[in-house]
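**Q** Dropping the structure in here first, questions after.
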Amino acid sequence: MKTILIMRHAKSSWSSDALTDHDRPLNSRGKNDAPRMGALLKEIDLVPDLIVTSTAARARSTADLVAEYCDYEGELLATRLFYHAGVEEYLDGLQAVPEVNPVVMIVGHNPGMAELVEHLTGEPELMTTGNIAVVRLDVARWIDVNEETEGQLVRIWRPKEL
């Protein structure tokens with residue numbers, strides 16, 4: 001059994017036209033929500049064993065803040081593969097996860113995050129900024145995750161509901 005915490009990056013800023021999409025930072029709400037989500041993971045004892053994030057500034061900042069506030073002790077892995085990724089890229093990324101990590105958090109972007117949740121669980125879910133979906137997969141090894149893998153949606157947390 002493997003567990004994925006699927007997190008859409010926290011709310012980002014659109015205040016500068018000079019920045020590329022990849023370089024957009026979090027706005028004040030995002031900087032507030034990401035630590036709250038990290039604290040929640042710590043409180044419910046669901047600290048990931050590994051965090052893999054998109055290289056985009058808003059996703060990396062979200063992952064950094066979540067990691068800090070949930071007392072994550074590992075190294076953050078950043079991959080360009082997760083920047084505006086679709087289901088296939090997320091599944092490819094999960095297949096590369098070392099087996100010593102039963103609980104993995106991935107931080108990325110929509111529409112890919114919502115598509116991944118629906119693909120794995122069959123349940124369409126709105127993944128607004130800062131949301132974390134917990135999905136359990138009935139696989140023994142990450143390499144076994146593929147297009148046919150089915151999971152169970154355990155819970156979705158939304159910052160506005162905390």
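The values are calculated or read from the model by the stated rules, or taken from the named source; none is laboratory data. The model shown is predicted, which means the values in this text are computed figures rather than measured ones. Note that we place each Cβ from the backbone using ideal geometry, even for glycine, and neighbour counts take in every protein chain shown. Please note that ligands, DNA and RNA were not included when accessible areas were found on the heavy atoms of the full protein model with its side chains. Shrake-Rupley method; radii C 1.70, N 1.55, O 1.52, S 1.80 Å.
**Q** Which residue, of Glu115, Glu125, Glu88, is over 25 Å from His22 (Cβ atoms) and not aliphatic (A, V, I, L, M)?
**A** Glu125
**Q** Here are the criteria: (1) open to solvent by 10 Å² or more (accessible area, probe 1.4 Å); (2) more than 16 Å from Pro159 (Cα to Cα); (3) touching a strand residue (DSSP E or B) at 6+ places or on another chain (Cβ under 9 Å); (4) not charged (D, E, K, R). Tell me which single one Thr53 does not satisfy.
**A** If we test Thr53 against (1) open to solvent by 10 Å² or more (accessible area, probe 1.4 Å); (2) more than 16 Å from Pro159 (Cα to Cα); (3) touching a strand residue (DSSP E or B) at 6+ places or on another chain (Cβ under 9 Å); (4) not charged (D, E, K, R), just (1) comes out false.
**Q** I would also like to ask the following. Taking Met1 as meeting all but one of (1) surrounded by 13 or more Cβ atoms within 10 Å (Cβ to Cβ); (2) under 24 Å from Leu94 (Cβ atoms), write down the number of the exception.
**A** That leaves (1) as the condition not met.
**Q** Then there is this: Quick test for you: out of Arg60, Arg29, Arg8, pick the one residue that is under 24 Å from Glu118 (Cβ atoms) and either of a type in the set (D, E, K, R) or open to solvent by less than 20 Å² (accessible area, probe 1.4 Å) (or both).
**A** Of Arg60, Arg29, Arg8, the one residue that is under 24 Å from Glu118 (Cβ atoms) and either of a type in the set (D, E, K, R) or open to solvent by less than 20 Å² (accessible area, probe 1.4 Å) (or both) is Arg8.
**Q** Next up: For the range 89-100, which positions are in contact (Cβ under 8 Å) with a residue 24 or more places away in the chain and within 15 Å of the chain's Cα centre (by Cα)?
**A** Listed by number, the residues that qualify are Tyr90, Leu91, Gly93, Leu94, Val97.
**Q** Which residues, counting only those in the range 61-109, are in contact with a Leu (Cβ under 6 Å, 6 or more places away or on another chain) and part of a strand (DSSP E or B)?
**A** Within the range 61-109, Val104, Met105 qualify.
**Q** Select, from Leu76, Leu162, Leu126, Leu137, the only residue that is farther than 13 Å from Leu5 by Cα, touching a residue at least 40 places away in the same chain (Cβ under 8 Å) and among the hydrophobic types (A, V, I, L, M, F, W, C).
**A** Every option except Leu162 fails the conditions.
**Q** Now a separate question. Step by step: first the residues of the range 110-146, then only those that are of a type in the set (Ser, Thr, Tyr) and assigned to a loop (DSSP other than H, G, I, E, B), then the one that is surrounded by the most Cβ atoms within 10 Å (Cβ to Cβ). Which residue is that?
**A** Thr129
**Q** Does the range 41-58 contain at least one residue that is of a type in the set (D, E, K, R) and touching a Ser or Thr at 6+ places or on another chain (Cβ under 6 Å)?
**A** Checking the range 41-58: at least one residue is of a type in the set (D, E, K, R) and touching a Ser or Thr at 6+ places or on another chain (Cβ under 6 Å).
**Q** So, in the range 76-93, exactly how many residues are more than 18 Å from His9 (Cβ to Cβ) and open to solvent by less than 30 Å² (accessible area, probe 1.4 Å)?
**A** Residues meeting the conditions: 1.
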